[in-house]
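Visitor: Would you mind keeping the following structure in view while I ask a few things?
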Amino acid sequence: MSSPQDTTNGSSRPSFTEEYCKSVLVTGGVGFVGSHIAEALLRSGTKVVIYDIFNSETTVSAEKREIASILRQAADECKSDGASLDIVHGDIRDKEKLLQTISGHGITSCIHVGGMVDDRRSVFHPDEYIDVNIRGTATLLDALGKSGVKMVVQASTRSVFGQRADNSALLTEKADRRPVNPYGASKVGADAMAHCYSHLHKMNVTLIRIFATYGPRGRPDMMPRILCENIANDEPIRKFGDGTATRTWIYISDIVSAFLCALKNPCGGFAEFNTGAANSTTLNELIATAEKVVGKNAIIEHCPVPPGDAHTVGHPSYELIQKTLGWTPKVNVEEGMRLTYLDYVLKTEEKAVAKMSLKLEHLAKIGEEKVPEVGRKGELRRRSVGFSLEKEEKEEKETEQPMELEEKTMETTVLDIVAEGAEKRERRMSDRQNTIRGKPMTLPYFIRPSSDEDFTWENQPIMLYQRSKSFKL
């Protein structure tokens, strides 16, 4: 066996070769974990190809497009080091497109973190999770194997272990699989597909089992992000159960490190590794940590535990990955929450500055236009928006209008004019079929509806973004 990824005998591990990192395919590369892995690869001077469907299961498509812009910027910054980025909008169940992508970009390895991930949602839509996570993973691995790719690092999840009777139960890689929701069950199937196709195509396939992960660009449905944002904005936190449910929280930089360690240390076939942290954290402890970091008390709404939630989950052992790949977590929960909150504060300030800049640009643009106003009978007067009307240099020869009307005209403000324009735009666009998908948010004042009470993107006719299915890079 002459290829660098193969072993000379069954017991030895192959040495890492740079061949694996010539062109790395990252599925789910504009999601939370995938985007951080892709960025780390780019900053190390690697050619990265992202393959993502840009859905809105957990993170809205618009936010994913923002992440894509961040990754493009990282690629530009590291271009001199050899970094490059291509983004393919595709589904891991589309074998033909996968084969075209792998062949067209000369893929030499794959980090597979794409798929459906919302365990609570999976209870109500199990078919999607079974189809994407099992069939999609099988389709991807078969396409990689048939294309000659010999190195794959695939994401597994804590959810394959499900619930345990005791939080002190130690979870090794050999622990029983007891999923309590369709998502966890589908990932058991995906893990099995990894073993299957490693055998069929003689590939190095390494599973990295992710436990609860958080950090900048984190999923909006995950508690650390919810806590940081809601506490900062005095919004209530939904607390499910009595707060004694535990999770092993791992900061995103530690998870990225685990994936890169696996990529650079092929194990000569199939291998799986748990990640983990020194301690697990209860929900009550996480809330207290967030309050300490933000400097405010949380507003708590007590809610029943949703179906499919695991309460006692045991504690992961990461001894094997530590011994085999040299990986160990470095960021504790308080430090990680502080970094997460700091990122939120910085992004909030950046958005505020960007919003103000847009308003100023808009006002400047309108200010350059000539806005007609009726000042005297039969005459159109013009002025720049935002400024008082200049006095006429010449006295009007015709009869003067009453002083009250003149003062009222001169007191006209930019808001009056913009409001009139907004009403006209809304009437023109009321029949448009395209709508925006995403979370409720405040529009700039010049396109804001008359009431913000029931405002959602879905009922707005203004097309700022395309739907994910028609999005093209």
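The values are calculated or read from the model by the stated rules, or taken from the named source; none is laboratory data. This one's a predicted model, so the numbers in the text were calculated from it and none came from an experiment. Cβ coordinates were reconstructed from backbone atoms using ideal geometry, including for glycine residues, and neighbour counts include every protein chain displayed.
A quick yes/no check of all residues on (1) among the small types (Gly, Ala, Ser); (2) within 21 Å of residue 34 (Cβ to Cβ); (3) part of a helix (DSSP H, G or I); (4) touching a strand residue (DSSP E or B) at 6+ places or on another chain (Cβ under 8 Å):
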residue	(1), (2), (3), (4)
261	no, yes, yes, no
293	no, no, yes, no
296	no, no, no, no
308	yes, no, no, no
328	no, no, no, no
338	no, no, yes, no
341	no, no, yes, no
344	no, yes, yes, no
360	no, no, yes, no
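Visitor: For region 316-346, which residues satisfy the criterion of being of a type in the set (Lys, Arg) and touching a residue at least 12 places away in the same chain (Cβ under 8 Å)?
Guide: Within region 316-346, 330, 338 qualify.
Visitor: Counting only residues that are in contact (Cβ under 8 Å) with a residue 60 or more places away in the chain and of a type outside the set (Gly, Ala, Ser), which one in region 28-40 is surrounded by the most Cβ atoms within 10 Å (Cβ to Cβ)?
Guide: Applying the filter and picking the extreme gives 37.
Visitor: When the residues of region 134-170 are filtered to those that are over 25 Å from residue 256 (Cβ atoms) and of a type in the set (S, T, N, Q), which remaining residue is surrounded by the most Cβ atoms within 10 Å (Cβ to Cβ)?
Guide: 139
Visitor: Would you be able to tell me the number of residues in region 71-86 that are touching a Lys or Arg at 6+ places or on another chain (Cβ under 8 Å) and either β-branched (Val, Ile, Thr) or crowded, with 19+ Cβ neighbours inside 10 Å (or both)?
Guide: Number of matching residues: 4.
Visitor: Can you tell me which residues in region 3-43 are modelled with pLDDT of 95 or more, among the polar types (S, T, N, Q) and either within 15 Å of residue 73 (Cα to Cα) or not assigned by TED's automatic domain parsing to the domain that holds residue 111 (or both)?
Guide: Result: 35, single match.
Visitor: At pLDDT below 95, β-branched (Val, Ile, Thr), at negative phi and in the same structural domain as residue 132 (by TED's automatic domain parsing): which single residue out of 113, 60 fits that description?
Guide: None of the other options fit; the residue is 60.
Visitor: Please go through (1) modelled with pLDDT under 95; (2) in the same structural domain as residue 44 (by TED's automatic domain parsing) for residue 307 and return the number of the only condition it doesn't satisfy.
Guide: Single failed check for residue 307: (2).
Visitor: Within region 80-132, restricting attention to residues that are hydrophobic (A, V, I, L, M, F, W, C) and under 17 Å from residue 155 (Cα atoms), which residue is farthest from the chain's Cα centre (by Cα)?
Guide: Only one residue fits best here, namely 130.
Visitor: Also: Please enumerate the residues belonging to region 235-248 that are modelled with pLDDT under 95 and not β-branched (Val, Ile, Thr).
Guide: 238, 239, 240, 241, 242, 243, 245, 247
Visitor: Considering only region 46-62, state which residues are of a type in the set (D, E, K, R), surrounded by fewer than 24 Cβ atoms within 10 Å (Cβ to Cβ) and closer than 30 Å to residue 82 by Cβ.
Guide: Correct list: 47 only.
Visitor: Follow-up question, since we're still on this one. Hey, any hits in region 264-281 for a residue that's under 29 Å from residue 107 (Cα atoms) and assigned to a helix (DSSP H, G or I)?
Guide: Checked against the condition, which is being under 29 Å from residue 107 (Cα atoms) and assigned to a helix (DSSP H, G or I), region 264-281 yields no hits at all.
Visitor: Counting only residues that are in a loop (DSSP other than H, G, I, E, B) and either more than 23 Å from the chain's Cα centre (by Cα) or among the β-branched types (Val, Ile, Thr) (or both), how many does region 248-259 have?
Guide: Counting residues in region 248-259 that are in a loop (DSSP other than H, G, I, E, B) and either more than 23 Å from the chain's Cα centre (by Cα) or among the β-branched types (Val, Ile, Thr) (or both) gives 1.
Visitor: If a residue has to be among the acidic types (Asp, Glu) and closer than 12 Å to residue 336 by Cα to count, how many in region 215-229 make the cut?
Guide: 0
Visitor: If you don't mind, another one. Looking at 312, 328, 399, 348 in this structure, which one is over 22 Å from residue 217 (Cα atoms) and modelled with pLDDT of 80 or more?
Guide: Going through 312, 328, 399, 348 in turn, the sole match is 328.
Visitor: Can you work out which of the residues in region 94-106 that are buried (at least 17 other Cβ atoms within 10 Å of the Cβ) and in contact with a helix residue (DSSP H, G or I) (Cβ under 7 Å, 6 or more places away or on another chain) is nearest to residue 193 (Cα to Cα)?
Guide: Across region 94-106, the extreme among qualifying residues is 98.
Visitor: Between a first residue in region 196-214 that is at pLDDT 95 or above and among the small types (Gly, Ala, Ser) and a second residue that is surrounded by fewer than 24 Cβ atoms within 10 Å (Cβ to Cβ) and in a helix (DSSP H, G or I), which pairs have beta carbons less than 9 Å apart while being 6 or more apart in sequence or on different chains?
Guide: Pairs that qualify, where the first residue is at pLDDT 95 or above and among the small types (Gly, Ala, Ser) and the partner is surrounded by fewer than 24 Cβ atoms within 10 Å (Cβ to Cβ) and in a helix (DSSP H, G or I), are 198/145.
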